Amino acid sequence: MKKVVTADDSITFHNELYDETYHSVSGAKEEAIKKFAEPCGIAGFEKVKILDICFGLGYNSAAALDLFQGNDIEIIGLENDEAIIDNILELDAPFDSYGFIHVLAEEKELLIHVNNRIYLKLLMGDARQSIASLPDEYFDVIFLDPFSPKKSPELWTKDFFAEIYRVSKPGARLATYSCARVVRDNLKAVGFAVKDGPVVGRRAPGTIAFKD
Ligand SMILES: C[S@@+](CC[C@H](N)C(=O)[O-])C[C@H]1O[C@@H](n2cnc3c(N)ncnc32)[C@H](O)[C@@H]1O
């Protein structure tokens, strides 16, 4: 996998099989904060449970940990590629919390209870299978970050979104970088309300979805 330096100087990788980068080249760190963690309102939660679908280098989780100011945060990451998890150990990514992501990459589970409680868990395997083991109405926030709908259509389907809806609490928020018609139509078909997410880097907005 080739390293790519993005426009905010943070590093991402290029995946040869998908012929896509793991983040926007306009800024990997910026994308994690502005497209995922901030629009989900992480800074406003006292207690939050996050599902990080397509964990990759863990930037979205790291951004959430950096922004969180409450006292109890739990993040479950779903990822199927050990190679990208191994790459985490080579990186000194510019998040205050990236040390936690390093430990998670090695241990797959991490619980810290000092001033606040931080619980992180990585479920390795196909996200479509892993999600089936998760309880109903459990998560406040979902980060949905697969490769593009063209390259990874199986993770943008109504069937998969119905599972995401099942594990979301009423009032939960989902963020994704895509505003593709098929993505929004499939989110709506399973019950989510959708609106434009922030415009960051690329011209098109992302999508924020809500479960009533
Ligand atoms: C766009 S990258 C995610 C970037 C990541 N959120 C980050 O902050 O680094 C997409 C990720 O989805 C993973 N992936 C692809 N197919 C998957 C599947 N069926 N189940 C779980 N993860 C998958 C890839 O290995 C890759 O790490």
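Could you list all residues from the stretch 104-133 that are farther than 15 Å from E74 by Cα and without any contact (Cβ under 8 Å) to a residue 12 or more places away in the chain?
Taking the stretch 104-133 and keeping what is farther than 15 Å from E74 by Cα, we get 105-107, 124-133.
Passing the criteria: E107, Q129, S133.
Tell me which residues, restricted to the stretch 101-114, are within 16 Å of the ligand (Cβ to nearest atom) and open to solvent by less than 40 Å² (accessible area, probe 1.4 Å).
Scanning the stretch 101-114 gives I101, L104, A105.
More than 18 Å from K121 (Cα to Cα), within 16 Å of the chain's Cα centre (by Cα) and touching a residue at least 24 places away in the same chain (Cβ under 8 Å): does that describe E46?
So E46 fails the test.
I'm checking my understanding of the structure. Among residues of the stretch 115-136 that are among the charged types (D, E, K, R) and away from the ligand (no atom under 16 Å from the Cβ), which one is most open to solvent (accessible area, probe 1.4 Å)? Walk me through how you get there before you give the answer.
Quick first cut of the stretch 115-136, residues among the charged types (D, E, K, R) only: 117, 121, 126, 128, 136.
Checking the rest, the ones that are also away from the ligand (no atom under 16 Å from the Cβ) come to 117, 136.
On the way: R117: 61, D136: 99 Å².
For the stretch 115-136, the residue satisfying everything is D136.
Assess whether F139 counts as being under 14 Å from the mean Cα position of the chain (by Cα), buried (at least 19 other Cβ atoms within 10 Å of the Cβ), away from the ligand (no atom under 14 Å from the Cβ) and not acidic (D, E).
When the stated conditions are applied, F139 passes them.
Go through (1) closer than 28 Å to W156 by Cβ; (2) open to solvent by 50 Å² or more (accessible area, probe 1.4 Å) one by one and return the number of the condition V48 breaks.
Unmet for V48, out of (1) closer than 28 Å to W156 by Cβ; (2) open to solvent by 50 Å² or more (accessible area, probe 1.4 Å): (2).
Look at G56 and say whether it is part of a loop (DSSP other than H, G, I, E, B), in contact with a strand residue (DSSP E or B) (Cβ under 9 Å, 6 or more places away or on another chain) and either among the β-branched types (V, I, T) or near the ligand (Cβ under 8 Å from one of its atoms) (or both). Please lay out each step first, then the result.
Working: part of a loop (DSSP other than H, G, I, E, B): yes; in contact with a strand residue (DSSP E or B) (Cβ under 9 Å, 6 or more places away or on another chain): yes; either among the β-branched types (V, I, T) or near the ligand (Cβ under 8 Å from one of its atoms) (or both): yes.
So G56 fits the description; yes.
Only one of these conditions is not met by G197: (1) over 23 Å from E31 (Cα atoms); (2) within 18 Å of the chain's Cα centre (by Cα); (3) touching a residue at least 40 places away in the same chain (Cβ under 8 Å). Which number is it?
Condition (1) is where G197 drops out.
Results for (1) charged (D, E, K, R); (2) at pLDDT 95 or above; (3) surrounded by 14 or more Cβ atoms within 10 Å (Cβ to Cβ); (4) within 9 Å of the ligand (Cβ to nearest atom), shown as yes or no for each residue.
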position: Y22; (1), (2), (3), (4): no, yes, yes, yes
position: A28; (1), (2), (3), (4): no, yes, yes, yes
position: K34; (1), (2), (3), (4): yes, yes, yes, no
position: E38; (1), (2), (3), (4): yes, yes, yes, no
position: I42; (1), (2), (3), (4): no, yes, yes, no
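Would you mind stating whether A105 is in contact with a strand residue (DSSP E or B) (Cβ under 7 Å, 6 or more places away or on another chain) and within 28 Å of K151 (Cβ to Cβ)?
For A105, the condition - in contact with a strand residue (DSSP E or B) (Cβ under 7 Å, 6 or more places away or on another chain) and within 28 Å of K151 (Cβ to Cβ) - is not met.
Which residue, of D96, D66, D86, is open to solvent by 40 Å² or more (accessible area, probe 1.4 Å), over 19 Å from M1 (Cβ atoms), outside any loop (DSSP other than H, G, I, E, B) and without any contact (Cβ under 8 Å) to a residue 60 or more places away in the chain? Can you show your working first?
On the way: D96 fails: outside any loop (DSSP other than H, G, I, E, B); D86 fails: over 19 Å from M1 (Cβ atoms).
From the options D96, D66, D86, the qualifying one is D66.
The values are calculated or read from the model by the stated rules, or taken from the named source; none is laboratory data. These numbers were taken from a predicted model, which means no experiment stands behind them. Note that we place each Cβ from the backbone using ideal geometry, even for glycine, and neighbour counts take in every protein chain shown. Only protein heavy atoms, including side chains, enter the accessible area calculation; ligands, DNA and RNA are left aside. Shrake-Rupley method; radii C 1.70, N 1.55, O 1.52, S 1.80 Å.
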